[in-house]
Protein chains: 4
Amino acid sequence: MTKHHFRASHWHNVLGTLPPALTVASGDSVITETIDSHGFDKDGVHRAPEPNPMNGPIFVTGAEPGDALKVEILRMTPISDTGWTRAALAGNVVDPEFVRGLPPRDKTIWRIDRDALTVTPDPPVPGLENFVLPLQPMIGCFGVAPALGQAFSTATSAENGGNMDYRGFGPGATVWFPVAVPGALFFLGDCHAVQGDGEIVGTGIETCFEVEVRLTVEKGRALVWPRGESATEIYSVGNARPLDQALQHATTDMFNWLCSDYGLSPAAASHLMGQVVRYDVGNVFDPAYTMVCRIEKKWLSKR
Amino acid sequence: MTKHHFRASHWHNVLGTLPPALTVASGDSVITETIDSHGFDKDGVHRAPEPNPMNGPIFVTGAEPGDALKVEILRMTPISDTGWTRAALAGNVVDPEFVRGLPPRDKTIWRIDRDALTVTPDPPVPGLENFVLPLQPMIGCFGVAPALGQAFSTATSAENGGNMDYRGFGPGATVWFPVAVPGALFFLGDCHAVQGDGEIVGTGIETCFEVEVRLTVEKGRALVWPRGESATEIYSVGNARPLDQALQHATTDMFNWLCSDYGLSPAAASHLMGQVVRYDVGNVFDPAYTMVCRIEKKWLSKR
Amino acid sequence: MTKHHFRASHWHNVLGTLPPALTVASGDSVITETIDSHGFDKDGVHRAPEPNPMNGPIFVTGAEPGDALKVEILRMTPISDTGWTRAALAGNVVDPEFVRGLPPRDKTIWRIDRDALTVTPDPPVPGLENFVLPLQPMIGCFGVAPALGQAFSTATSAENGGNMDYRGFGPGATVWFPVAVPGALFFLGDCHAVQGDGEIVGTGIETCFEVEVRLTVEKGRALVWPRGESATEIYSVGNARPLDQALQHATTDMFNWLCSDYGLSPAAASHLMGQVVRYDVGNVFDPAYTMVCRIEKKWLSKR
Amino acid sequence: MTKHHFRASHWHNVLGTLPPALTVASGDSVITETIDSHGFDKDGVHRAPEPNPMNGPIFVTGAEPGDALKVEILRMTPISDTGWTRAALAGNVVDPEFVRGLPPRDKTIWRIDRDALTVTPDPPVPGLENFVLPLQPMIGCFGVAPALGQAFSTATSAENGGNMDYRGFGPGATVWFPVAVPGALFFLGDCHAVQGDGEIVGTGIETCFEVEVRLTVEKGRALVWPRGESATEIYSVGNARPLDQALQHATTDMFNWLCSDYGLSPAAASHLMGQVVRYDVGNVFDPAYTMVCRIEKKWLSKR
């Protein structure tokens, strides 16, 4: 199990079948520094154009279409003293006629205290003078190359992952992606120091992290959508618009998961989901929205 | 502050401007027994047709259009030993072609242990033999008469509340509705022993409760959508389809709330919501879906 | 077959179970003058509040739940020299961020030439100096009382009809509504001199008409959604949001219609619809949108 | 102006930045034989995998990002005696619970009479014995490489065109696509002998055509969405889900077009569109739906 220190020298604005920047074995971990969603690195140097430039792709030896790539997010260490956000709700998350009155979408700077692990607007926002947020790192955009030779902008998401902006994708999370090409071709970037549900101002607190992930191939585990696991829950992720359809994808995937891996009949899976399911809203800013369908592990016994 | 024991003798399938069944003063509390969503009472007697027969309406003296009706859910005591659910996911929460393979939507009985405060399928569902859920009572459908002489089926929801099926509407919650007619005309019913997010099998565990609520008029507090408060959070509720629009309503309402009652500028409200907002999914089974937009009180200081 | 001259003296902003203003026999025709969507009559006198005040309801003897009410639009004669529109696209029909730049939604006056049967902005709109539209009368809002004691604002639409704003609802059209209450309780109003698809500025050219309709009960013809017929086509109407769901309702209804009344198997109905179906967009401004699913009669032979 | 006879030897399932199969000058025309959406050629030989294998890409000299590629569909000659369709409505175009009862999605063969220019199911469908459709050729999927190195499956559509399945894309139509890469990289395929609105069985009558198109670069005509022109109308095309968003894209684009190229003020464009706009439904089967926003040329005078 090698630990790779991967220093990106160029970045990508799509998730697609591109030449690998690094090759690793299944089970290896990778440590890499990400740049922010506008392409600035930890020193404020502009290294790549937006949207959401990605480190990668990383070729994982042995990964083939029909497998799953397991991604364990082991650590996210902030490496910059600042982050930035937009200063107004996005037009698509409010009532249409209300958009006329929204404030301008200015760029606002936040100070990251890397000792205290807190974030605060700098200068302070009038009316939010004592607004100090605990750091809650997450990966905004990550995933693998999609099937069929497709390549998707890092400003959206699909079956292969992408810009899902789900708060749950932080240290401790394990995420699986459906492998569609040899080597899986894993990408990551667009990390946030903090973000509310939905990324409704169009950004989290955009900054740079040193990220450590472990990449493992699970042979023959054919997936349709990304799946994940926290200490207490399993979850399925649907990416689409409208949110209703993202919910349909995530719900269908969870249902299939419960039936195939946890030995439940369709009726049992319906009963379980009907009375204990939880939903989280991921990104509702991008072309594709993200809905997460969660079940607590305490209800499950793996077959 | 009078405590009324209200025994319903007839029930309503709409929320509208109907003759009051009870008149109370602002600040009074009401104790009443609800029947289940199919109209069966705690003794299994069929008392009213579906959908979701409502107790009420209750006329609250002094309530006028432009006021808010505050509803505190003080207590929900189960009064039946059984509840029921549907045995299959609803067609609209899964991928369309997947509907072909869903199990039949049979009625399933659950045993309610009123001492242990637990619920379990009876007979057990194969594969879920040890499935014992802690009782988590909630009001599925409640609200006030809508504006303009409208009357809405209790199978849906709108600005006036209705069938929102939000898990948060249980004991301890405070909910405000926009008063649109003199006396507000408050209705309630369709209580659930437990329910997952979304009511994705089309039911929670449908049963009967003795519910105690306190009804208070807040003069001049003009609302557009229902709002609520728990011990730790405030929240706005949007009811519409698609879920995207419900989210727009709830988000717009929270934004307005933060600006008007908490002294935030549009930019400050955007920053706060952008980085700390949370969303909960209410009903995604009915004609109108429900989305809840939440903010923790710890971020707020009331003006 | 009596011809009734019905002079409305009060108007309604909901379609619901209200006291009849007129009772007619099945097959009778009714001539009535409508007022505009803001409640102004042909003399500019304000007679009723918005939205869309309705003439009616008209009780049609013999109509019972489970029947259809056939409405033949025999004639629409303009009775005012002016109409009005809004001067800007509605926020919900353009891209959200684009709303910031829309012009104000001013009221614009149009001159109706009742001899030439044309309509033109007055004063002329700069850049549209020679914009003379042929009069194309249509009923914006009509329908019957809904089921269950419900009552719906005339600003929206549902199974019972309502504010569908479909250009096809003009002279020569025949429309069927599902009867949900004794007497059907027919309402009409909100007539337009001209209107583009979708009512995307939130209005057609709003004005007053003398309308002549024939009302006939079709016993035992149970409908779910409104249906219609022109000289060359039959059509089903779905009312919901998003437009996708309105399309699902209309498509399902047409499929059922072809199978039940035209003797087609599900496969035959699929083939026919798949290769010859046409869709029209009705209202996309209101809470519920309208989609019309059309089939040319030349493909059909009634069983 | 050269006329190229382009014989495809391999096909693509994405629209992306791929090596050109042919290079032409601006203004040249191309004659090429397409294969059907499952990859069968006119002789029934399977040449390429689904979905919708494309001929191309064609590099048009001089095309640069920021230009438009004008595609004139000059001729579509059927070259096969058969086509095929699916035998059931797609699950996503009917009410969700209705999907349970849909017939199986079998493949049905249609006979194409290339002299009479008609199409008919073969063997006949019971109940549709005399169902003879006039040939109405159209290109289901065409467009250019998208921006940013993206590549999109030919089963969907976006700003760059793709699988829009609009009946209007037949002989006589002129269509413009936004050029995003040098040479534009034009693709086409998936032609239909006939198709109803929406492609609601998931197919038109899928077959092979000899297509003749003229490809012309319009320098500096920066587009966001595809645009088109028939003998009598101009139109903008929006591709997205839900249909509401496709409509927003198309409506916004038409508004911009009227303001920039036809000298209308925002208010004049609103008035014109509000009272004369028409919408057509393209594909409602794929991940992205298509809506077409049309204006008759008679209302316009080009600046």
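The values are calculated or read from the model by the stated rules, or taken from the named source; none is laboratory data. None of the values given here were measured: they were computed from a predicted structure. Cβ placement follows ideal geometry from the backbone for every residue including glycine, while neighbour counts extend to all protein chains displayed. Accessible surface areas use protein heavy atoms only, side chains included; no ligands, DNA or RNA. Shrake-Rupley method; radii C 1.70, N 1.55, O 1.52, S 1.80 Å.
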(request) Only one of these is within 29 Å of D:Ala288 (Cβ to Cβ) and either surrounded by fewer than 19 Cβ atoms within 10 Å (Cβ to Cβ) or in contact with a Gly (Cβ under 7 Å, 6 or more places away or on another chain) (or both): A:Gly220, A:Gly228, A:Gly263. Name it. (result) A:Gly228
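Being farther than 16 Å from A:Ser26 by Cβ, surrounded by 22 or more Cβ atoms within 10 Å (Cβ to Cβ) and assigned by TED's automatic domain parsing to the domain that holds A:Tyr289: is that true of A:Tyr166 here?
Working: farther than 16 Å from A:Ser26 by Cβ: yes; surrounded by 22 or more Cβ atoms within 10 Å (Cβ to Cβ): yes; assigned by TED's automatic domain parsing to the domain that holds A:Tyr289: no.
Criteria not met by A:Tyr166.
Filter region A:62-107 down to residues that are assigned to a strand (DSSP E or B) and facing another protein chain (nearest Cβ under 7 Å), then give me how many there are.
Selection size over region A:62-107: 1.
Regarding region A:71-81, can at least one residue be identified that is among the aliphatic types (A, V, I, L, M), surrounded by fewer than 20 Cβ atoms within 10 Å (Cβ to Cβ) and touching a strand residue (DSSP E or B) at 6+ places or on another chain (Cβ under 9 Å)?
Within region A:71-81, the first condition is being among the aliphatic types (A, V, I, L, M), and the residues that meet it are A:71, A:73-74, A:76, A:79.
Remaining after also requiring surrounded by fewer than 20 Cβ atoms within 10 Å (Cβ to Cβ): A:74, A:79.
If we keep only those that are touching a strand residue (DSSP E or B) at 6+ places or on another chain (Cβ under 9 Å) as well, we get A:74, A:79.
There is at least one residue in region A:71-81 that is among the aliphatic types (A, V, I, L, M), surrounded by fewer than 20 Cβ atoms within 10 Å (Cβ to Cβ) and touching a strand residue (DSSP E or B) at 6+ places or on another chain (Cβ under 9 Å).
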(message) Which of the numbered conditions does D:Phe152 fail, given that it passes all the others? Conditions: (1) open to solvent by less than 50 Å² (accessible area, probe 1.4 Å); (2) outside the structural domain of D:Asp41 (by TED's automatic domain parsing); (3) under 30 Å from A:Asn160 (Cβ atoms).
(response) (2)
(message) Quick test for you: out of D:Ala87, D:Ala25, pick the one residue that is among the aliphatic types (A, V, I, L, M) and closer than 30 Å to C:Gln245 by Cα.
(response) D:Ala87
(message) For the structure I just gave you, tell me whether C:Pro123 is within 14 Å of chain A (Cβ to nearest Cβ) and part of a loop (DSSP other than H, G, I, E, B).
(response) no
(message) Against the condition in contact with a Leu (Cβ under 7 Å, 6 or more places away or on another chain), assigned by TED's automatic domain parsing to the domain that holds B:Val213 and either farther than 19 Å from B:Glu206 by Cβ or in a loop (DSSP other than H, G, I, E, B) (or both), how does B:Ile35 come out, does it pass?
(response) no
(request) Report yes if A:Ser153 is under 15 Å from the mean Cα position of the chain (by Cα), under 22 Å from A:Thr32 (Cβ atoms) and of a type outside the set (Phe, Trp, Tyr), otherwise no. (result) yes
(request) Of all residues in region D:238-271, count the ones that are among the hydroxyl-bearing types (Ser, Thr, Tyr) and within 19 Å of C:Pro123 (Cβ to Cβ). (result) 2
(request) Find all pairs meeting these conditions: Cβ atoms under 6 angstrom apart; at least six residues apart or on different chains; first residue within region D:190-203 and in the same structural domain as D:Thr290 (by TED's automatic domain parsing); second residue assigned to a loop (DSSP other than H, G, I, E, B) and hydrophobic (A, V, I, L, M, F, W, C). (result) none
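Quick one: is B:Asn160 among the polar types (S, T, N, Q) and within 30 Å of C:Leu18 (Cα to Cα)? Show your work before the answer.
Working: among the polar types (S, T, N, Q): yes; within 30 Å of C:Leu18 (Cα to Cα): yes.
Yes.
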(request) Mind checking which strands (runs of 3 or more DSSP E) fall wholly inside region B:152-235 and carry at least 2 residues that are away from chain A (no Cβ under 14 Å) and aromatic (Phe, Trp, Tyr)? (result) B:174-178, B:186-192
(message) Looking for something acidic (Asp, Glu) and either under 23 Å from D:Ile200 (Cβ atoms) or touching a Ser or Thr at 6+ places or on another chain (Cβ under 8 Å) (or both) - is there at least one such residue anywhere in region D:75-93?
(response) no
(message) For the condition within 14 Å of the chain's Cα centre (by Cα) and either under 27 Å from C:Gln275 (Cβ atoms) or buried (at least 22 other Cβ atoms within 10 Å of the Cβ) (or both), what is the one hit in D:Ala173, D:Ala184?
(response) D:Ala173
(request) Return the residue satisfying two criteria in turn: it lies in region C:274-303 and is touching a strand residue (DSSP E or B) at 6+ places or on another chain (Cβ under 6 Å), part of a strand (DSSP E or B) and more than 7 Å from every other protein chain (Cβ to nearest Cβ), and of such residues it is most open to solvent (accessible area, probe 1.4 Å). (result) C:Glu296
(message) Contact list please: Cβ distance under 9 Å, first residue in region A:254-274 and at positive phi, second residue not aromatic (Phe, Trp, Tyr), pairs at least six apart or on different chains.
(response) A:Gly263/A:Ser301; A:Gly263/A:Lys302; A:Gly263/A:Arg303; A:Gly263/B:Gly127
(request) Please specify each residue of region D:242-273 satisfying the condition of being within 7 Å of chain C (Cβ to nearest Cβ) and part of a loop (DSSP other than H, G, I, E, B). (result) D:Pro242, D:Gly263, D:Leu264, D:Ser265
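Could you list, in sequence order, the residues of region D:9-41 that are within 14 Å of chain A (Cβ to nearest Cβ) and either open to solvent by less than 50 Å² (accessible area, probe 1.4 Å) or touching a His at 6+ places or on another chain (Cβ under 8 Å) (or both)?
Within region D:9-41, the subset within 14 Å of chain A (Cβ to nearest Cβ) is D:10-19, D:39.
Result: D:Trp11, D:His12, D:Asn13, D:Val14, D:Leu15, D:Gly16, D:Leu18, D:Gly39.
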(request) Being under 20 Å from A:Thr154 (Cα atoms) and small (Gly, Ala, Ser) is the filter; apply it to region A:42-59 and report the residue that is surrounded by the fewest Cβ atoms within 10 Å (Cβ to Cβ). (result) A:Ala48
(message) Considering only residues that are more than 15 Å from the chain's Cα centre (by Cα), hydroxyl-bearing (Ser, Thr, Tyr) and within 26 Å of C:His4 (Cα to Cα), which ones fall in region C:211-232?
(response) C:Thr216
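In the same structural domain as A:Arg214 (by TED's automatic domain parsing), of a type outside the set (A, V, I, L, M, F, W, C) and surrounded by fewer than 20 Cβ atoms within 10 Å (Cβ to Cβ), is that true of A:Pro178? Give the derivation first.
Values: in the same structural domain as A:Arg214 (by TED's automatic domain parsing): yes; of a type outside the set (A, V, I, L, M, F, W, C): yes; surrounded by fewer than 20 Cβ atoms within 10 Å (Cβ to Cβ): no.
Judged against the criteria, A:Pro178 is not a match.
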